[in-house]
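The values are calculated or read from the model by the stated rules, or taken from the named source; none is laboratory data. Note that this is a predicted model, so its numbers are computed, not measured. Note that each Cβ is placed from the backbone with ideal geometry, even for glycine, and that neighbours are counted across all protein chains shown. Ligands, DNA and RNA are excluded from the accessible area calculation, which covers all protein heavy atoms including side chains. Shrake-Rupley method; radii C 1.70, N 1.55, O 1.52, S 1.80 Å.
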Amino acid sequence: MTANKLLPDYPLAHAASMPDRIYLTQPTGGGQVVDYTWAQVVDQSRRIAAHLAGRGFPPGARIAMLSKNCAHFIMAELAIWMAGYTTVAIFPTETAATVRYVLEHSGASLLFVGKLDTWEQQKAGVPEALPRIAFPLAPKTDYDTWDAIVARTEPLARPHGRRPEDLAMIMYTSGSTGTPKGVMVSFAAISYAGENIQRRLRELVGEGLDGRVLSYLPLAHSFERSWVEASSLVDGRTRLFFAESLDTFLQDLQRARPTTFISVPRLWLKFQQGVFAKMPPAKLDRLLGIPILGKLVARKVRKGLGLDHVIVAGSGSAPIPPDLIAWYRRIGLPLYEGYGMTEDNSYSHMSDEAHNAPGYVGVAMPGVAVKISPEGEILIKSPARLTGYYKRPDLDAEAFTEDGFFRTGDLGELRADGLLKITGRAKELFKTAKGKYIAPAPVENELNAHPMIELSIVSGVGQPAAYAVVVLAEELRRRLGDPAVRAEVEAEMARLLDTVNAHLPDYAQLQMIVIAREPWTIENGCLTPTMKLKRAGIEALLAPRVEGWYADGRKVQWE
């Protein structure tokens, strides 16, 4: 199965058929925004493409982008493709060392510098001789600017023709374990993913409605690149809005009024905890159960979150507690879980109204074949899969079975009706002194479903028993100076420990719950840019205190 057209072809067609339709809406500060129509997007992209082509880079040269999500990220990607080159996007939160690694490993010929919060620290990672271009919202530099180039350059008369097998992008994984790997993505693969995701979303949103999406998860990540950028490039009728900053996120949501909203479990959890901070869970639950009034309350909650126009709500990138999905559905938001990875352009499985069950990630999307290996590993075959790992043929050999299925590294179960359940990550399994493997993800999922908890990690390699460390909800952390609140937290964590252990086998039961002293963040190295746990990093930070916890012996402890 192949794509109908290649991704760069769609914007050219949209600019010709609906030139005045707004595609991108970019906040510029102080509540101001700039809209870009399809005609303007393609015109600016062609001018930047002409500039890039004029530099004489070899065909397929890698052009890098270091930027938060913004309109110019998408226009730059189109320009790079039109000029015959390959994009390399770097997560905007990466350290200088990782920035340097990606630029050098990919052999980047030029870097676009965009919207960034930590550029002063990151710029040390950019090789001195590397040419740079600054996006309009970039930190102040003396680099050649996007606007200046657009103003002085005529549009590229004939965009470079791309073949299905050409390399569209190299996507560097966010590095939850070790050095980032460069996943090579062909135009055939990303185009197939974009077309089929767009088709599915259009079926759910409806043919008569223009889609609205807020783009805020990193565009450097496969999830946002496929489900937001690629699908909207294909669709033409979906308008993309961008978030100005973390502080303005709720206002950005209110402005966008998205019809499709895709997020990661941690943010879905934070949204819920924000609601609970304003209304205790028991009271909200009681109100939602009252006929007529319950519907009004649910609509008010959705509106307060900025999600009252959402038709399609999705969660991906990491497991989400089934109880959290059920809560969102109770407030009238049809939240469904999906499954995918960078290696298949996040195109694998999706739940919907007809295909869903608690703890399951849906059924295979069109063209995707799935099976479970004798060892319990999920194996995927998809037209959207990677070409290979850049400069790592050794990994290519390990990644595929003899019959062409990709080894995901995830453990799972496949129901007769095609619903897939993720039961853990093979590399995350660990043994305590009791000698049996423990999968941490299902236990963490249950802990994370508790309204007091934002994040958790289950560990205990070689220890007498497993243990959990939990990060409390943000609102609760602010009140820990009150001894009564601390006592309440301890009592509730003790009850939770008993509840969780009650249905775990003896070898997997938790000896204790430890309450983290500070939240885990991207900045302190505990989370990846897509907010997955960096297990090795967290465990290294905890290591000096673990023996003391076991010696202490209490069921609930403070880090």
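Quick one: which of LYS427/LYS532; LYS270/LYS555; LYS181/LYS532; LYS283/LYS555; LYS68/LYS123 span more than 19 angstrom between C-alpha atoms? Intermediate results must be reported in sequence, preceding the final value.
Numbers: LYS427/LYS532 15 Å; LYS270/LYS555 26 Å; LYS181/LYS532 16 Å; LYS283/LYS555 29 Å; LYS68/LYS123 15 Å.
Check vs 19 Å cut-off fails for LYS270/LYS555; LYS283/LYS555.
Each residue was assigned an accessible area with a 1.4 Å probe, and for SER45 the value is about 0 Å².
Taking all protein chains as they are arranged and a probe of 1.4 Å, the heavy atoms of TYR347 leave approximately 0 Å² accessible to solvent. The listed residues TRP81, TRP227, once ranked by accessible area (1.4 Å probe) with the largest placed first, stand as TRP227, TRP81.
Summarise the accessible area of the stretch 181-287 (1.4 Å probe, protein heavy atoms) by the percent that is carbon and sulfur.
Numbers: 2000 of 3530 Å².
Percent of accessible area from carbon and sulfur atoms in the stretch 181-287: 57.
In the stretch 1-106, a dipole from Cβ-located charges (positive for Lys and Arg, negative for Asp and Glu) runs towards its positive end, and of HIS51, MET18, TYR36 it is HIS51 whose Cα lies farthest in that direction. Of the listed residues GLU244, GLU518, the order by accessible area with a 1.4 Å probe, largest first, is GLU518, GLU244. Rolling a 1.4 Å probe over the heavy atoms of the protein chains gives the stretch 46-100 an accessible area of 23 Å² per residue. The apolar share of the surface of the stretch 1-133, taken as the fraction of accessible area on carbon and sulfur atoms (1.4 Å probe, ligands and nucleic acids excluded), comes to 51 percent. The distance from the alpha carbon centre of the stretch 497-559 to that of the stretch 275-311 is 32 Å, rounded to a whole number. Between ALA282 and ARG478, the simple label model (points 7 Å from Cα in the Cβ direction) yields a spacing of 2.3 nm. Note on surface exposure: LYS532, LYS427, LYS303 rank LYS427, LYS303, LYS532 by accessible area, highest first, 1.4 Å probe.
At a 1.4 Å probe, what is the % contribution of carbon and sulfur to the accessible area of the stretch 327-371? With neighbouring chains kept in place, the figure for the stretch 327-371 is 54 percent. The angle between the Cα long axis of helix 535-552 and the longest principal axis of the Cα atoms of the chain comes to about 10 degrees, rounded to the nearest 10.
Just the number please: accessible area per residue for the stretch 173-265, 1.4 Å probe, all protein chains included, in Å². Don't skip to the answer; put the middle values down first.
Numbers: 2780 Å² over 93 residues.
Each residue of the stretch 173-265 exposes 30 Å² on average to a 1.4 Å probe.
With a Förster radius of 30 Å, plug the Cβ-Cβ distance of LYS5 and ALA157 into 1/(1 + (r/R0)^6) and report the FRET value to the nearest 0.05. Write down the numbers at each step before the final one.
Working: r = 21 Å, r/R0 = 0.69.
Step by step, r from the Cβ atoms, then E = 0.90.
For the chain, taking the reciprocal of the average inverse distance between every pair of different Cα atoms yields a Kirkwood hydrodynamic radius of 24.7 Å. Ordering ALA357, MET341, ALA313 by Cα displacement along the dipole of the stretch 263-363 toward the positive end leaves ALA313 in first place; charges were set at the Cβ atoms of Lys, Arg (+1) and Asp, Glu (-1). Between the stretch 21-67 and the stretch 335-366, the C-alpha centres lie 32 angstrom from each other.
In the full protein context, the stretch 495-559 carries 49 Å² of accessible surface per residue, based on a 1.4 Å probe and ignoring ligands, DNA and RNA.
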